[in-house]
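Notes to accompany the following structure.
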Amino acid sequence: MDATLTNQSENEKIWGGGNKPLNSSYGKMMMWFFIVSDALTFSGFLAAYGFSRFKFIDSWPIADEVFNHFPFLHGVDAPMYYVALMTFILIFSSVTMVLAVDAGHHMKKNKVAFYMLLTIVGGAIFLGSQAWEWKNFINGQYGAVETRGGQILQFVSADTGKRVNITSFAASIPTDREQHQGRNGIWYASESTLPTYSVEEIKKGFINNNDLLVKTQQLDENGHKIVLSREESISKIAQSVYVVEGANLIRNEYGNRLFANFFFFITGFHGFHVLSGVLINLIVFFNVVIGTYEKRGHYEMVEKVGLYWHFVDLVWVFVFTFFYLV
Amino acid sequence: MAVEHKLSIFRGRLTFASNTQKIWGVLIFLSIVTVVEVALGIFKPTILMSYFLGMKLLNWIFIILTIVKAYYIAWDFMHLRDETRSLTSSIVLPLVILIPYLVFILLLEADYIYNVMTDGFVSWNF
């Protein structure tokens, strides 16, 4: 069978049938075309992010001021180190994956299993890191207020220029206001959790504390956020209508509302890819261990799941650039 | 199932003895590029803050370095270097044509909206 096929393909044209013109198996090609379509999906997301960013080019949040946490370094301003670490973890798990594929070509079962396991561990560490990143993002660090027009006002100290946490200056005004739930008000309506402080408490605390200034969303020509003078700050704070702590899908303390939405959506979609990659890797790992591919005579399945895994890494490289660097 | 690998990178300037060595070599290269990116992102040299085609020079460098990284991940980790030319083209060409097109129309439109909101007769700071 093989011999006749080879003879035919020598005489006929490449696309005349009877051979594999792209020199690639069906499964691998389909994985490639899935990757192409998925790459277009991700570029759609990132291009939409770019759209919003160019639309609000002079008021977009600065990534270095948002993502500045590092494990065990509380209160230390460490921009980007953590995501750089995550990038290294993912690139390294890509390397162990490609080593597994290479071992598969040489039919070394134990080596394939070992490298697959390392890849899975790398993917799990990355997922954990992303969960930690989300936790910090959702909890927030300083808190802010929102004006009637949807502008976020943050607070800085006039002496040091550093951000000030709202808990450190908010006045205490006792009130009976509590969260409206179905069981304590009208049964068909409810509201989400109330912020720790009311707007009045923030306003009063701000006016009592002469050291405080308001930091707006707007960027100056050097790309820094504009800090208002004390008088402007007091008139601006009077317009605030909402206290924002951390981030959710409606508002966030970092600035433009779309920023948090895109963060959740793009890193979430990528994280979901990593999760499914880890699960598929696990299935393939168990198949390697019980010898499925040894019996089949080739480790092409490792190669296919490897393509998907590298793609996930590839997407992260772009997310890293557009969310954290640019 | 022995598979042929092309073991040269950088247009043949660097040739590795085996596929495993090439993988580690590419890892080192990718790590260097990432370290350069992070260092530039932390120090932000003032020379690179000038604008070129609507974006900071620094951002252009980041994007170019990202595409370089993507190239080596696709070509060496995903073995595109070892595939036939027709398969490589059918994967890369749609992306290379469609993505810049999408990015171009969206960013141009976004810049237009930005101009309308800043120069137009509409107050957005209420």
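Just a few scattered comments:
- Per-residue mean of C-beta atoms belonging to partner chains within 10 Å, peptide A:287-298: 0
- Debye equation applied to the C-alpha atoms of the protein assembly as shown, log10 I(q)/I(0) at 0.06 Å⁻¹: -0.35
- Each label point was placed 7 Å from the Cα along the Cα-to-Cβ direction; for A:Glu200 and B:Asp82 their separation is 7.2 nm.
- The mean of 1/r over all pairs of different alpha-carbon atoms in chain B, once inverted, gives a Kirkwood hydrodynamic radius of 18.1 Å.
- The calculated FRET efficiency for the pair A:Leu85 and B:Tyr112, based on their C-beta separation and a Förster distance of 35 Å, comes to about 0.35.
- Ranked B:Ile63, A:Ile173, criterion: other C-beta atoms within 10 Å, fewest first: A:Ile173, B:Ile63
- Pairwise Cα inverse-distance average, inverted: Kirkwood Rh of segment B:12-82 (Å): 13.7 Å
- With a threshold of 30 Å on the Cα-Cα distance, the over-threshold entries among A:Lys215/B:Lys69; A:Lys135/B:Lys22; A:Lys13/B:Lys69; A:Lys20/A:Lys109; A:Lys162/A:Lys203; A:Lys13/A:Lys304 are A:Lys215/B:Lys69; A:Lys135/B:Lys22; A:Lys13/B:Lys69.
- For segment A:144-245, convex hull of alpha carbons as volume per residue, Å³: 111 Å³
- A simple packing score, the average count of other Cβ atoms within 10 Å per residue, orders the peptides A:117-123, A:284-290, B:7-13 as A:117-123, A:284-290, B:7-13, with the highest score first.
- Taking amide H atoms as placed 1.01 Å from N in the peptide plane, the amide H of A:Gln217 lies under 5 Å from those of A:Ile152, each 5 or more residues away in sequence or on another chain.
- Within a straight-line Cα-Cα reach of under 13 Å, A:Lys111 can be paired with the following aspartates and glutamates, leaving aside sequence neighbours fewer than 8 residues apart in one chain: A:Asp102, A:Glu294.
- Expressed per residue, the C-alpha convex hull volume of segment A:37-118 stands at 117 Å³.
- Remark: relative contact order (segment A:182-254) = 25 percent; criterion is Cα-Cα distance under 8 angstrom and separation of 6 or more residues.
- Taking every C-alpha pair closer than 8 Å and separated by at least 6 residues, the mean separation divided by the residue count of chain A gives a relative contact order of 24 percent.
- Applying 1/(1 + (r/R0)^6) with r as the Cβ-Cβ distance of B:Arg13 and B:Asp119 and R0 = 56 angstrom yields a FRET efficiency of 0.65.
- Against chain B, whose longest principal axis comes from its Cα atoms, helix B:19-43 is set at around 20 degrees.
- Computed helical MRE - 222 nm, chain A, DSSP H runs ≥ 4 contributing -39500 (n - 2.57), nearest 500: -17500 deg cm²/dmol
- Of the DSSP H helices in chain A, those with a Cα length along their own long axis of 24 Å or more and a mean Kyte-Doolittle hydropathy reaching 0.0 comprise A:26-55, A:81-105, A:109-139, A:268-289, A:300-319.
- Computed [θ] at 222 nm, helices only, for chain B once each DSSP H run of length n ≥ 4 contributes -39500 (n - 2.57): -21500 deg cm²/dmol
- Seen against the Cα atoms of chain B and their longest principal axis, helix B:85-119 is set at about 20 degrees.
- Candidates per chymotrypsin sites (Phe, Trp or Tyr not before Pro) in segment A:101-198, loop by DSSP, up to 13 other Cβ within 10 Å: A:Trp187, A:Tyr188
Bear in mind that the values in this text are calculations on the coordinates, not laboratory data. What you see is a predicted model; the values in this text were computed from it and never measured. Note: ideal-geometry Cβ built from the backbone for every residue, glycine included; neighbour counts use all protein chains shown.
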